[in-house]
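Everything on this sheet refers to the single structure shown next.
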């Protein structure tokens, strides 16, 4: 069941805390998705981990009343962990969720025990892709959630998977909501991100610009070193 917490300066954050005695794991969803994206993973992993899934700003039941950045959402996520009494957690981020997870690790590396990043990036959106997003947002403002726009979002977010349930949610989104969400995609991580590699049983960390992280191995990506903070 979803609950809402007030974090930082009163920003509401909707979330589901599935409980459990295992290590805490925060789940961060993709663009236009929400905490329900992780329901299949929760069915499999809830007996092993304490899974916490949040609706990011402008998504699901978490409002966005004005412009914001992914740094703001990263602070929302850290504030949610504060509200739940969780000092340290692993963070799983898919696509947009990965943008936020990277920023959490840069803001508070001592609180992130592991990162699992899927289909994400530390760089700003490709300019040509960003133009396409802006055009889609403009069309949404003018025409509303047309079948063509809903199908486009389904292709971006879900590929060939059934999008019926998600399209029903997207029909409720206004052009202003789409604008606020898409405006955050032009930002990038301006300080080094951590690329972690394993050799046998040894972990080491390299701090360097990391424009794209194409994939991760079966092991978690850990953060054993402190990274510079971004403000």
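The values are calculated or read from the model by the stated rules, or taken from the named source; none is laboratory data. Everything quoted here is computed from the prediction, not taken from an experiment. No Cβ is skipped: glycine too gets one built from the backbone with ideal geometry, and neighbour counts run over all protein chains shown.
Scoring residue 142 on the criteria (1) at pLDDT 90 or above; (2) in the same structural domain as residue 35 (by TED's automatic domain parsing) leaves a single failure, condition (2). The single condition from (1) over 23 Å from residue 155 (Cα atoms); (2) in contact with a helix residue (DSSP H, G or I) (Cβ under 8 Å, 6 or more places away or on another chain); (3) part of a loop (DSSP other than H, G, I, E, B) that residue 9 fails is (2).
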